Amino acid sequence: MTLLASRVKEVAVNRKEKAAETEAALKAAAGRVFARKGYLNTKITDITAEAGRAAGSFYNHFASKEELLEALLADIATSGDESALTEGHLSDFSDPAAVRWHVAQYWEFYKEHASTMQALGQAAMVNDAFARTLAGFGATQAADLNGHLAHVTAAGLRLPARMDLSIMMMFRLVDGFAQMWLLDPAPTGWTPPTDEEAIDALTRFVYRGFTGRDY
């Protein structure tokens, strides 16, 4: 390789690394601004200012605020896939420990990404195309649990509904409960649960719903 070719390659690598750094900075900044202002009230210039980048730099990476949110959704999917590969992952939902593992993973994930989760819901309310994208993501994630519930029927236990509906009931329960206590203001006079209380309560409810057994 000639000196010129080596220099050209070095410049290209540096540009690629800088672009990746800028994209990561924009995503992180978006999460912080969403947490403060909400998705609907956030402007692109708010995100670039938070990231310490020029306003025009945003469009080198994302065509719109919705596209940035889709990138965050893709990151969420990757994070979920990686968590399923961890040593503690259990897949037999006839075992309450497996149900608890998944509930705990979702609760902790929701807590960590609360601002993004809230932004996803707000975007879906005002953008039909994004709402379809989010619904498709949810359906894909739910389908990943089919094999988990197959263990329940294989054990001779009866699900409350067909498999896809049973999974969706679980998702809506856990997601709604997480939103209530991790995003929304606590109802007057109500004491928010600790993480362990929330995870235990959801596990008991879901496990009993899936299997008819107490936990």
Worksheet item: Once phi is turned into ³J(HN,Hα) by the Karplus curve 6.51 cos²θ - 1.76 cosθ + 1.60 with θ = phi - 60°, what whole-Hz value does each residue of the range 45-53 show in order, with x for glycine and proline?
Response: 5, 5, 5, 5, 5, 5, 7, x, 10
Item to complete: Assuming R0 = 25 Å, can you tell me the calculated FRET efficiency for the pair Asn146 and Thr194, based on Cβ-Cβ distance, to the nearest 0.05?
Response: 0.20
Practice prompt. Under 25 Å Cα to Cα from Lys27, which lysines show up? Leave out anything in the same chain fewer than 8 places away.
Written response: Lys16, Lys18, Lys37, Lys43, Lys65, Lys111
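For the range 24-130, what is the charge dipole size about the Cα centre, in debye to the nearest 20, if Lys and Arg each add +1 at the Cβ and Asp and Glu each add -1 at the Cβ? Provide the component values of the computation, followed by the final result.
On the way: 9 positive and 14 negative charges, 136 e Å.
My answer is approximately 660 debye.
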Item to complete: Taking the Cα centre of the chain as origin, work out the dipole magnitude from +1 charges on Lys and Arg Cβ and -1 charges on Asp and Glu Cβ, in debye rounded to 20.
Response: 540
Worksheet item: In whole angstrom, how far apart do the alpha carbon centroids of the range 98-128 and the range 17-35 sit?
Response: 19
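State which stretch of the chain is the longest one without any exposed trypsin sites (Lys or Arg not before Pro), exposure meaning a DSSP loop state and at most 14 other Cβ atoms within 10 Å.
Details: sites that count: Lys43, Arg158, Arg162, Arg213.
The answer is 44-157.
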Worksheet item: Using 16 Å as the cut-off for backbone N distance, which residues of the range 21-60 belong to the label zone defined by a point 7 Å from the Cα of Ser79 along Cα→Cβ?
Response: 24-36
Worksheet, complete the sentence: For the range 203-215, in residue order, the Karplus 3J(HN,Hα) values (coefficients 6.51, -1.76, 1.60; θ = phi - 60°; whole Hz; Gly and Pro = x) are 4, 4, 5, 5, 4, 5, x, 6, 10, x, 9, 7, 10
Response to the item:
Reduced to Cα centres, the span from the range 43-72 to the range 181-215 in Å works out to 36
Discussion item. Between Lys111 and Asp184, what is the label-point separation in nm under the 7 Å Cα-to-beta-carbon projection?
Written reply: 2.0
Worksheet entry | Note, ³J(HN,Hα) from phi for the range 106-111, Karplus 6.51, -1.76, 1.60, rounded to Hz, x at Gly and Pro | 5, 4, 5, 5, 4, 5
Worksheet entry | Most positive-pole-ward Cα, Leu68, Ala178, Leu149, against dipole of the chain from beta carbon charges | Leu68
Worksheet item: Using the alpha-carbon atoms, what tilt in degrees (0 to 90, nearest 10) does helix 128-143 show relative to the longest principal axis of the chain?
Response: 50
Practice prompt. Over the chain, average the accessible area per residue using a 1.4 Å probe and give it in Å², no decimals.
Written response: 57
Response to the item:
In degrees rounded to 10, the 0-90 angle between helix 3-37 Cα long axis and the longest Cα principal axis of the chain is 50
Worksheet item: Where does helix 114-126 land angle-wise versus the long Cα axis of the chain, in degrees 0 to 90, nearest 10?
Response: 90
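Using the beta-carbon distance between Ala139 and Ala63 and R0 = 30 Å, what value does 1/(1 + (r/R0)^6) give for FRET efficiency, to the nearest 0.05?
Values: r = 25 Å, r/R0 = 0.83.
Between Ala139 and Ala63 the formula returns 0.75.
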Response to the item:
Expressed as a percent, the accessible surface of the chain that is carbon or sulfur, using a 1.4 Å probe and the full set of protein chains, is 55
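The values are calculated or read from the model by the stated rules, or taken from the named source; none is laboratory data. Predicted model, so just to flag it, every value in this text is computed and none were measured. Glycine also receives a Cβ, built like all others from the backbone with ideal geometry; neighbour counts cover every protein chain displayed. For the accessible areas, the whole protein counts, side chains as well, though only heavy atoms, and no ligand, DNA or RNA atoms are used. Shrake-Rupley method; radii C 1.70, N 1.55, O 1.52, S 1.80 Å.
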